[in-house]
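The values are calculated or read from the model by the stated rules, or taken from the named source; none is laboratory data. Owing to the predicted nature of the structure, the values given are computational and were not obtained by experimental measurement. Neighbour counts are summed over all protein chains in view; Cβ atoms, including those assigned to glycine, are modelled from backbone coordinates with ideal geometry.
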Amino acid sequence: MPRTDRVLVFGDVIDDIIVVPRAPVRRDTDTPSDIRSRPGGSAANTAAWLARAGADVSFVGRCAREDVARHAAALEAAGVRPLLRGDATLPTGTIIVVVEGDARSMLTERGANAALSPADVAPGGYDLVHATGYSLLGHDEAFGEFVDRAHAEGVRVSLNAGAVAAIDDIGLEAFLAAAAGVDILVATAAEASLLTGERGPDAAAVTLARRHGLVAVTAGREGAWVASGDTVERVPAIEVAAIDPTGAGDAFTAGFLAATLDGGDPTEAGRRGVALAAEAVSSLGGRPARA
């Protein structure tokens, strides 16, 4: 049966330039590398993976006016309904991602993403609205107000914490205040530790679940810890030959949310998340592999 739940994702849409060096990087000279351009952005990637998981998903984002048609076509090809806004002055956000095994270095220009405010997003008519911590940069108060508006419309809100750097840039207290009303939270172990002061991902997951209700804390090859109330369980990762970790967290989030919308319990949602994450790291780029 087709899914009836409707999901709205809003946030960053990015041009990813992915660099995978074939040898240790040599300074001041050439290093042979595989270099690919891919559409990206954590929020847009999550929307694409939600569609891959069967969700009826729309995406609100902002890019340079001349790039709207290109990014809309990429989202449509992934099964996402694009609701993109063109910016007349700011460029499309761009990230250069240098992949070295499980590690990545990212050089980021947010561009038009910085001008997208949660105040401009209408949550009504959806079952779930999802955002990432990047959307709180410069808009933390507006995000808290957005959560209140969504709840007034009977809409749940989920949030991927985004990155430790984003939390640091927003400020821990401001981030916690803005995210206080979120119903579902996904964070990496490092982000969860920063948000709670807990060292272990299991303890951090429980602390966050007491705040938000449903939580997943991811830890790469160690899997994920899912928690609801005071109950926490570890979900092992799926071993695959990893090519590129870009988008793995976005894919996990999508699988976790899709299973939750299907009525799955937290453990089943975690299993769906790690399955999509395993698929994500098996190809280059942050979205489902092209057919």
TODO: Could you list all residues from region 5-37 that are closer than 28 Å to A73 by Cα, surrounded by fewer than 22 Cβ atoms within 10 Å (Cβ to Cβ) and touching a residue at least 40 places away in the same chain (Cβ under 8 Å)?
DONE: D5, R6, I17, V19, V20, D34, R36
TODO: For G162, state whether it is at pLDDT below 95 and under 22 Å from P266 (Cβ atoms).
DONE: yes
Open item on the list: Out of the residues in region 78-94 meeting the condition of being under 16 Å from A48 (Cβ atoms) and of a type in the set (A, V, I, L, M), tell me which one is surrounded by the most Cβ atoms within 10 Å (Cβ to Cβ).
Closed with: V80
- [ ] Would you please name the residue that is nearest to G138 (Cα to Cα), looking only at residues in region 78-100 that are in a loop (DSSP other than H, G, I, E, B) and touching a residue at least 24 places away in the same chain (Cβ under 8 Å)?
- [x] L90
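Is it the case that region 208-215 has a residue that's under 23 Å from F143 (Cα atoms) and within 15 Å of the chain's Cα centre (by Cα)? Even if it seems obvious, please write down each step before you answer.
Taking region 208-215 as the starting set, the residues that turn out to be under 23 Å from F143 (Cα atoms) are 208-215.
After this cut, where a residue has to be within 15 Å of the chain's Cα centre (by Cα) as well, the list is 215.
Among the residues of region 208-215, at least one is under 23 Å from F143 (Cα atoms) and within 15 Å of the chain's Cα centre (by Cα), which makes the answer yes.
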- [ ] Go through region 214-223 and give me each residue that's on the phi > 0 side of the Ramachandran plot and surrounded by fewer than 18 Cβ atoms within 10 Å (Cβ to Cβ).
- [x] G220
Open item on the list: Criterion first (aromatic (F, W, Y), touching a residue at least 12 places away in the same chain (Cβ under 8 Å) and part of a loop (DSSP other than H, G, I, E, B)) does Y126 satisfy it?
Closed with: yes
Open item on the list: Given the criteria under 16 Å from G40 (Cβ atoms) and touching a residue at least 60 places away in the same chain (Cβ under 8 Å), does L116 qualify?
Closed with: yes
Open item on the list: Quick check on A227: is it among the small types (G, A, S) and either more than 24 Å from G247 (Cβ to Cβ) or out of contact with any Ser or Thr (no Cβ under 7 Å at 6 or more places or on another chain) (or both)?
Closed with: yes
Open item on the list: If the requirement is being under 20 Å from D16 (Cβ atoms) and over 18 Å from the mean Cα position of the chain (by Cα), which of these qualifies: A77, A150?
Closed with: A77
- [ ] Considering only region 197-213, state which residues are in contact with a strand residue (DSSP E or B) (Cβ under 9 Å, 6 or more places away or on another chain) and either under 21 Å from R110 (Cα atoms) or surrounded by fewer than 23 Cβ atoms within 10 Å (Cβ to Cβ) (or both).
- [x] G200, D202, A203, V206, T207, R210, R211, H212, G213
